[in-house]
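Here the structure comes first, spelled out in structure tokens, and everything after it is commentary.
Read-outs: derived from the displayed coordinates by stated rules, not from any lab. Keep in mind the model is a prediction, meaning the values are calculated, not measured. Using ideal geometry, Cβ is built from the backbone for each residue, glycine included, and neighbour counts are taken over all protein chains shown.
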Amino acid sequence: MLNKKLVLKIFEAFSIERWNDLIRPFDLIEMDKAAEKMVLVYILGKFEENAGHRINWEWLINASFFDLLKKIALCDIKSPVQALIKQEYPSEYMRLNEWVLNQYRPLIEDEELFKNFTIYIGQKAGSIKVKEEDELTFHVYQAAHKYSTIRELEMITPVNEKVRLTKIEQELNRDIQRFLDLRGLQLLTTKQRPYEFLLKTEQLRFQRRWNQTPRIPNTSVIGHSYFVAILSFLLSRQNGSRPCEKRLFNNFFSALFHDLPEAVTRDIISPVKQATDELPSIVKHIEDEIVNKELVPLMEDFYKDELMYFTNDEFENRVYDDGKVKFVEYEQLNSVYNKNEFNPVDGRLVRLCDHASALLEADISIKHGITSVHLEAGRKNILTIYPECTVINGINAYELFKNLVE
């Protein structure tokens, strides 16, 4: 069972604002930054894999999660201040890192995960050396971190006086230089096809969930997707299946990209989709047509099929067997198909986490005192989907949801 306090702590990233000493044309939120960074990690990592290099995807997922936890703990200390503490007061910086770890020690019950968290904090501090075989992976992650910050700066530049941004821009342009050996970053910085694809995914930062009702905190589609990815990652480690490397990768990135079609179709809420018996299939057909016309041409050939695998039948347990996609039961995922060669995905687990995110989005706002008939009905409807004794891919869904809202 997920620790409720940990889940709520992660959810706090929806309330952490970025660039809050500058004019912002839209809300820049920490959860959204983490999401865009992992979209960039995927793009850059796939270019490196296509060139024949090894990428440690589990390390990247861990790093993203751990950085978010650290950001939540230290949200009142700006990144440049943290960098100065690290540079000028290294012993104090180490104690600050220990303090961060101590905040999460009671919340992370997965001993292996907490051990990895400790190692990562040491790697970021420079006290633990990154393994030689993971140096490129670390390089990709740092590049994604820097470039996602550059993209945010580019988005706020039109509404800020140049004098406010000149120094920041110079520093970021200087920092990004050391990552220009990465082919994917070369194409992004020169605004080629990967940049156009990124622009489409960024539209999910501007789209708000539950758009028909006031809510606190507001959550974007891309931030929601990252939260679902983190829940999928954590529950994949807890459902007793010991997923293979590819399955863990697929569960995270399937969740991260599960709403990708909405970048070009926008969200159509479930009650509207189900207004008539035939409407769901009609909407799905139209969505597929729009995605194939507007989104697929922006994908690179060497990851296009994988992204479509993530977004087609995204909530079904599936594998790739004998040259075709095959829907399977959870027991088959564990007993027969839990091997990299079958490209397994716990799609039903992703759906469970999608509902868990929606439940929290409604429940937390209601508990803050911002409610509506839409939020009340949404929370009630989600809870009725998983009656007592419902088990989804090894997770007791009823107990999980009951624990999250009580």
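Each residue of the range 240-253 in turn: what ³J(HN,Hα) in whole Hz from Karplus with 6.51, -1.76, 1.60 and θ = phi - 60°, glycine and Pro shown as x?
x, 8, 6, x, 5, 4, 5, 5, 5, 4, 4, 4, 5, 6
Please name whichever of L96, A125, A51 sits farthest to the positive end of the charge dipole of the chain, dipole taken about the Cα centre and charges placed at Cβ: Lys and Arg +1, Asp and Glu -1.
L96
With contacts defined as alpha carbon pairs under 8 Å and 6 or more residues apart, what's the relative contact order of the range 4-204 in percent? Write out the running numbers ahead of the final one.
Working: 144 pairs, mean separation 58.5, N = 201.
Contact order relative to length: 29 percent.
Sticking with the crude label model, points 7 Å out along Cα→Cβ, report the distance from I286 to K402 in nm, one decimal please.
4.1
Once both labels are modelled 7 Å past Cα along the beta-carbon direction, what's the W99-E300 spacing in nm?
Distance between label points: 4.1 nm.
Give the separation of the Cα centroids, the range 1-57 to the range 372-406, in Å.
The range 1-57 and the range 372-406 have Cα centres spaced 26 Å from each other.
What translational D, rounded to a whole number of µm²/s, comes out for the range 4-204 from Stokes-Einstein when the hydrodynamic radius is the Kirkwood one over Cα pairs, at 20 °C and 1.002 mPa s?
119
First check a/c for the range 117-198, with a ≥ b ≥ c the square roots of the eigenvalues of its C-alpha gyration tensor; if it is under 1.5, answer rounded, and if not, answer prolate when a/b is larger than b/c or oblate otherwise. Don't skip to the answer; put the middle values down first.
Working: a/c = 2.59, a/b = 1.56, b/c = 1.66.
Since a/c reaches 1.5 but b/c is at least a/b, the shape of the range 117-198 is classed as oblate.
Subtracting the Cα-Cα distance from 0.36 nm times the residue separation, let me have the gained length for T276 to I370 in nm, one decimal.
This chain segment gains 30.8 nm when fully extended.
Where in the range 222-259 does the amide nitrogen come within less than 17 Å of the point 7 Å from the Cα of S335, taken along Cα to Cβ?
Taking a point 7 Å out along Cα→Cβ of S335, the residues of the range 222-259 whose backbone N falls under 17 Å are 240-242.
Only Cα pairs under 8 Å and at least 6 apart count here; give the relative contact order of the chain as a rounded whole percent.
Working: 450 pairs, mean separation 71.1, N = 406.
Relative CO of the chain lands at 18 percent.
GNM on the chain, C-alpha springs below 10 Å: top fluctuator among P387, P80, P297?
Judging by the Gaussian network model, the answer is P80.
Given 0.36 nm per residue, what is the gain on full extension from E88 to L8 after removing their alpha carbon distance, in nm?
The E88-L8 span can extend by a further 25.4 nm.
Search the structure for amide H atoms under 5 Å from the amide H of I29, placed 1.01 Å from N in the peptide plane, and list their residues when 5 or more places away or on another chain.
So I29 has HN proximity to R18.
How high is the FRET efficiency from F114 to Q212, r the C-beta distance, R0 25 Å, rounded to 0.05?
Values: r = 40 Å, r/R0 = 1.60.
Once the sixth-power term is evaluated, E becomes 0.05.
Starting from the Cα gyration tensor of the range 89-245, take the square roots of the eigenvalues, sort them a ≥ b ≥ c, and report rounded, prolate or oblate (rounded when a/c is under 1.5, otherwise prolate if a/b is larger than b/c, else oblate).
oblate
Would you please classify the overall shape of the range 217-262 from the alpha carbon gyration tensor, given that a ≥ b ≥ c denote the square roots of the eigenvalues, rounded means a/c under 1.5, and beyond that prolate means a/b larger than b/c while oblate covers the rest?
Details: a/c = 4.17, a/b = 1.84, b/c = 2.27.
It is oblate, given that a/c is not under 1.5 and a/b is not larger than b/c.
Using +1 on the beta carbon of Lys and Arg, -1 on that of Asp and Glu, and nothing else charged, what's the dipole of the chain about the Cα centre, debye to 20?
Roughly 920 debye for the chain.
Apply the Karplus parameterisation 6.51 cos²θ - 1.76 cosθ + 1.60, with θ equal to phi minus 60°, to every residue of the range 59-72 and state each ³J(HN,Hα) to the nearest whole Hz, in sequence, with x for glycine and proline.
4, 5, 5, 4, 4, 4, 5, 5, 5, 5, 4, 5, 4, 4
Taking amide H atoms as placed 1.01 Å from N in the peptide plane, list the residues 5 or more away in sequence, or in a different chain, whose amide H sits under 5 Å from that of V391.
For V391, whose amide H was placed from the backbone, the distant partners under 5 Å are A397.
Just name one of N173, A63, S254: the one whose Cα is farthest towards the positive end of the charge dipole of the chain (beta-carbon charges, Lys/Arg +1, Asp/Glu -1).
My answer, from the dipole projection, is N173.
If R₀ is 45 angstrom, what is the calculated FRET efficiency for the pair F315 and I23, using the beta carbon separation as r and rounding to 0.05?
Efficiency, from the Cβ-Cβ distance: 0.70.
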